[in-house]
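**Q** So that we are looking at the same thing, I have put the structure below in structure tokens.
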Amino acid sequence: MNNSSLKAIFITATDTGVGKTIVSCAIGIALKKQGIDVGVMKPFQCSGDDTDFLMRALGVKDDKRLVNPYYAKEPLAPYLAFKRAKIKIDLDKVFSAYEELKKRHEFLIVEGAGGLLVPIKENYLVCDLIKDLDIPAVIVARAGLGTLNHTLLTQRYALDYAIDVKGIIINGFKGNNLAEKTNPEVLKLFQEAPLLGIVPFVKNAKSKQGLENLAKAAKNNLDLKLLLKTKRHINSRLAKDDKDFIWHPFTRMKEWLNDEPLIIEEAKGSYLKDSQGRWYLDGVSSLWVNVHGHRKREIDLAVRNQLNKVAHSTLLGLGNVPSIGLARKLVEIAPSGLKKVFYSDSGSTAVEIALKMAYQYWQIKGKPKTTFIHLENSYHGDTIGSVSVGGIDLFHKAYKKLLFKSFKVDSPYCYRCPKDKTYPLCGFECLNMLKETLSTHHQKIAALIVEPLVQAAAGMIVWPPGVYKEMAGLCKKHNVLLIADEVAVGFGRTGTMFASTQEAVSPDILCVAKGITAGYLPLAATLATQKIFDAFPTFFHGHTYTGNPLACSAALANLEVFKKEKTLEKLKSKIEFFKGGLERFKALEHAGDIRQKGFMVGIELVKNKKTKEPYAWEEKIGAKVCRKARDYGLILRPLGDVVVLMPPLSISKPELIRLLDGAYEAIVEITECYR
Ligand SMILES: *Cc1c(COP(=O)(O)O)cnc(C)c1O
């Protein structure tokens, strides 16, 4: 990997008419002189004969439809030219032509259209094309007055867009005015990318003599070595440093240290790219947080814009703009009755806050309600308070003596229901223990805390419809507060913005985190009713980064994208499609239970499907399946023996098929070996 040389570059410019084609040609000729087989591509051409010229000048024999997939007659930006010509642009056609040409040649020069911000199609600019092709760019600048501004603007935007700029080439240098002569030195001072060369003005460059002159100029004036130099892959160093310095959460560190770590460097849409350039489908939304895909333009921009104003200022005794806008929006979309937003920075803290609020609320009211009820299999976070209401022994048992007391009652885990009833027949027997506890102890109980509809961390335990509504009714009846922990299920995961609304439940306190910033930044919120808020003189709780403006601006943009793209509406058919795709898993010999609620899926693998006998813990079957899934280009993370599929809500149907296929193959391969 270390010495692999560059395979392709994208030639863009500070403006149109600066000489991209001439420079592409000059680079091509110079590389050919070094014995390198060079191909060219001009994905979008609007009028002119650049493609023909480049092919002729570089002696390229490829099919012209590969070299130039899209041609329009009018000299306009591609967006307009193709729209007016009624030609619909299919980017996949461009990408596959690119892959084909890259295969055929040692080096490929891709020439853009105009500059970085030239629109190609709706919501798609030249800079998006560069990012999607995933290649470094060279910026061609004109010589003369105005060059500094244009070049620095282009470079600035490339940087903002994380385009890898190999360098700048000044074209058409005549050297007969002061600006031309002085610009290169000034550019070196202000720009970050190196100056790869200055191509002198060549008269009639497209003629035979002109081409020869151009070749000479390229040879003498272009720094090809610098151009061909790749960023050195530093994966082995990264891996070593990771192992030397990082303690990973929920990770068996001994195994980690003996394994080759996967290190993520970049992402786009539903995909993650590792430090060795391999792409994977993000099958669990980067641990259940990503909503609209990675590097979503609107959210990127919102955070960047906020960064230009203020990154952080405190909410302790001060306000800040994005936190206000977001609080208003959250109250608007939350289940009715929730009127106040208390910010924090993780799901665990959102839960801590909810518990303290409920506890103190009764204290203020003069009622000694000092304990809680939580469910078997519940997970509410990893801080001491949230662990106290946790019901997963593997995670929580070790801290038992450190925790406060809370009543643990049965959970609606239908697959392992002792009554063995499937839920259309179910009489909610799982709620009997809750009923009993409430009637006996309600005077001591401040609140019931639940993960509505899906107990996620326990293995995507999906509740039978109606059970949550029943719980809410019981709380009302016994004057116990209901805390809905929607950290995992909130923000569209179950098909609606919040799970509570599906059963028309208005909890007294609602916790949200994970998806709130669409997977961008750590932020959480605990929403409370007016009644609870009004009881408090001061709530003595707060985290330093409470209401962080960057995170709040990401969250606001998240909600705007939900609205603009009708995310929830579009999700409906995808949920059905997902459901259809899961059908064939049912026939698998070791797929004990397949649970789905919206975009939360858990496939519980068992050793014996008839008896539901689980695999031995040491077999780590879930982990093995997820490890295998990497061979199919998927990143998954299991919950014990439950294989979790939880892609971003923005995933496309073809990507969903890829996810389902990969997961299926991985399950088959692993479970066959461990019969
Ligand atoms: C993830 C999760 C939490 C904890 O959130 P963190 O941000 O990891 O602290 C709490 N409750 C539920 C339901 C969760 O899924």
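No lab work stands behind these numbers, since they all come straight from the coordinates. Quick caveat: nothing in here was measured; it's all calculated off a predicted structure. As a convention, Cβ positions derive from the backbone with ideal geometry for all residues, glycine included, and neighbour counts pool all protein chains shown.
**Q** Region 515-531 to region 328-398: how many Å between their Cα centroids?
**A** 13
**Q** Here is a further query. Between Lys33 and Lys612, what length in nm is gained on full extension when 0.36 nm per residue of separation is reduced by their alpha carbon distance?
**A** Values: separation 579, 0.36 × 579 = 208.44 nm, distance 6.87 nm.
Gain on stretching Lys33 to Lys612: 201.6 nm.
**Q** Counting only DSSP beta bridges with both residues in the chain, tell me the antiparallel percent, nearest 5.
**A** Values: 35 of 78 bridges.
Beta bridges within the chain, antiparallel portion: roughly 45 percent.
**Q** Sticking with this one: With the alpha-carbon atoms as the only input, what is the per residue convex hull volume for region 410-454 in Å³? Mind showing how you got there, number by number?
**A** On the way: hull volume 3.5 nm³, N = 45.
Hull volume normalised by residue count: 77 Å³.
**Q** Moving on to the next point. Can you give the Rg to Rh ratio of region 1-154, both from alpha-carbon atoms, with Rh computed by the Kirkwood formula?
**A** Rounded to two decimals, Rg over Rh is 0.95.
**Q** Which lysines have a Cα lying under 20 Å from the Cα of Lys579, excluding residues fewer than 8 positions away in the same chain?
**A** The qualifying lysines are Lys570, Lys597, Lys653.
**Q** Also, I was wondering about something else. Counting DSSP beta bridges with both partners in region 353-510, what percentage is antiparallel, nearest 5?
**A** Details: 2 of 15 bridges.
Of those bridges, close to 15 percent are antiparallel.
**Q** List the residues whose amide H sits under 5 Å from the amide H of Ala267, counting only those 5 or more places along or on another chain, with H placed 1.01 Å from N in the peptide plane.
**A** Distant-sequence amide H within range of Ala267: Lys273.
**Q** Report, in listed order, any pair from Lys340/Lys367; Lys73/Lys574; Lys181/Lys219 with a Cα-Cα distance greater than 32 Å.
**A** Lys73/Lys574
**Q** Once both labels are modelled 7 Å past Cα along the beta-carbon direction, what's the Asp241-Phe395 spacing in nm?
**A** A separation of 3.1 nm, rounded to one decimal place.
**Q** Can I ask one more? Kindly count the pairs of lysines across region 239-328 whose alpha carbons are less than 30 Å apart, treating pairs on different chains or eight or more residues apart as eligible.
**A** Lysine pairs meeting both conditions in region 239-328 amount to 11.
**Q** To the nearest 0.05, how large is the calculated FRET efficiency for Lys365 and Thr544 if R₀ is 45 Å and r is the Cβ-Cβ distance?
**A** 0.90
**Q** Same structure, new question: Can you compute the modelled spin-label distance between Thr16 and Glu672, with each label point 7 Å from Cα toward Cβ, in nm?
**A** Modelled inter-label distance: 5.6 nm.
**Q** Additional query: For region 96-254, give the share of DSSP beta bridges that are antiparallel, in percent and rounded to the nearest 5; count only bridges with both residues there. Can you show the working numbers first?
**A** On the way: 3 of 14 bridges.
The answer is about 20 percent antiparallel.
**Q** Nearest 500 deg cm²/dmol is fine: what mean residue ellipticity at 222 nm does the chain get from its DSSP H runs of n ≥ 4 alone, each adding -39,500 (n - 2.57), divided by its residue count?
**A** Details: 25 runs with 262 residues, N = 675.
About -11500 deg cm²/dmol.
**Q** Turning to a different aspect of this structure: Multiply the residue gap between Gln443 and Lys563 by 0.36 nm, knock off their C-alpha separation, and tell me the result in nm, one decimal place. If you can, show how the numbers build up before the last one.
**A** Values: separation 120, 0.36 × 120 = 43.20 nm, distance 4.32 nm.
Gain in length upon complete extension: 38.9 nm.
**Q** Would you mind checking which residues have amide H under 5 Å from Ala13's amide H? H placed 1.01 Å from N; only 5 or more apart, or other chain.
**A** Leu116, Val140
**Q** Count charges around Arg104 for me, please; just the other residues with Cβ under 11 Å from its Cβ, Lys/Arg as +1, Asp/Glu as -1. All intermediate terms of the calculation are to be shown ahead of the outcome.
**A** Details: positive: Lys61, Lys102, Lys103; negative: Asp37, Asp62, Asp63, Glu99, Glu100, Glu106.
For residues surrounding Arg104, the net value is -3.
**Q** Which ³J(HN,Hα) values, rounded to whole Hz and listed in residue order, are derived for region 192-204 from phi using the Karplus coefficients 6.51, -1.76 and 1.60 in 6.51 cos²θ - 1.76 cosθ + 1.60 with θ = phi - 60°, glycine and proline given as x?
**A** Karplus-based 3J(HN,Hα) across region 192-204 equals 8, 6, x, 7, 7, x, 10, 8, x, 4, 10, 6, 6 Hz.
**Q** From the phi of every residue in region 468-479, what ³J(HN,Hα) in whole Hz does the Karplus formula 6.51 cos²θ - 1.76 cosθ + 1.60 yield, where θ is phi - 60° and glycine or proline is x?
**A** 5, 4, 4, 4, 4, x, 4, 4, 4, 4, 9, 6
**Q** Let me ask something else about it. Please check which bits of region 78-116 a label hung off Ser652 would reach, taking the label as a point 7 Å along Cα-to-C-beta and the cut-off as backbone N under 18 Å.
**A** Taking a point 7 Å out along Cα→Cβ of Ser652, the residues of region 78-116 whose backbone N falls under 18 Å are 88-100.
**Q** Multiplying the sequence separation of Asp534 and Leu301 by 0.36 nm and subtracting their Cα-Cα distance, what value in nm do you get?
**A** Values: separation 233, 0.36 × 233 = 83.88 nm, distance 3.73 nm.
Full-extension gain reported as 80.2 nm.
**Q** Still on this structure, please answer the following. Can you return the lysines within cross-link range of Lys612? Criterion is Cα-Cα under 17 Å, with same-chain partners fewer than 8 residues away left out.
**A** The reachable lysines, counting only those whose Cα sits under 17 Å from Lys612, are Lys419, Lys421, Lys586, Lys620.
**Q** Excluding the sites themselves, what is the longest stretch of the chain that contains no chymotrypsin sites (Phe, Trp or Tyr not before Pro) in a DSSP loop with at most 13 other C-beta atoms within 10 Å? Walk me through the numbers before you get to the answer.
**A** Numbers: sites that count: Trp247, Phe250, Phe540.
Excluding the exposed sites themselves, the longest stretch runs over 251-539.
**Q** Here's something else I'd like to know. Taking 7 Å along the Cα-to-C-beta vector as the label spot, tell me the Leu228-Thr501 distance in nanometres, rounded to one decimal.
**A** That separation, rounded to one decimal, is 5.9 nm.
**Q** I would also like to ask the following. Could you go through region 599-610 in sequence order and give the Karplus-derived ³J(HN,Hα) for each residue, using 6.51 cos²θ - 1.76 cosθ + 1.60 with θ = phi - 60°, rounded to whole Hz, and x for Gly and Pro?
**A** Result, ordered by residue: 9, 10, 10, x, 10, 7, 8, 10, 5, 10, 5, 5 Hz.
**Q** Just to be sure I follow: if Rg is taken over the C-alpha atoms of the chain and Rh is the Kirkwood radius over the same atoms, what is Rg/Rh?
**A** Numbers: Rg = 29.6 Å, Rh = 28.2 Å.
For the chain, the value is 1.05.
**Q** Starting from region 545-632, pick out the trypsin sites (Lys or Arg not before Pro) whose DSSP state is loop and whose Cβ has at most 12 other Cβ atoms within 10 Å.
**A** Working: sites: Lys563, Lys564, Lys566, Lys570, Lys572, Lys574, Lys579, Arg584, Lys586, Arg595, Lys597, Lys607, Lys609, Lys610, Lys612, Lys620, Lys624, Arg627, Lys628, Arg630; in loops: Lys566, Lys607, Lys609, Lys610, Lys612, Lys620.
Those satisfying the criteria are Lys566, Lys610.
**Q** Please sort by residue number the trypsin sites (Lys or Arg not before Pro) in region 113-197 whose DSSP state is loop and whose Cβ has at most 14 other Cβ atoms within 10 Å.
**A** Numbers: sites: Lys121, Lys131, Arg142, Arg156, Lys166, Lys174, Lys181, Lys188; in loops: Lys174.
Of the trypsin sites (Lys or Arg not before Pro), the ones in loops of region 113-197 whose Cβ has at most 14 other Cβ atoms within 10 Å are Lys174.
**Q** Semi-axes of region 554-675's equivalent ellipsoid from the Cα gyration tensor, sqrt of 5 times each eigenvalue, largest first, rounded to whole Å?
**A** Details: eigenvalues 172, 40, 33 Å².
Working from the Cα gyration tensor, I get semi-axes of 29, 14, 13 Å.
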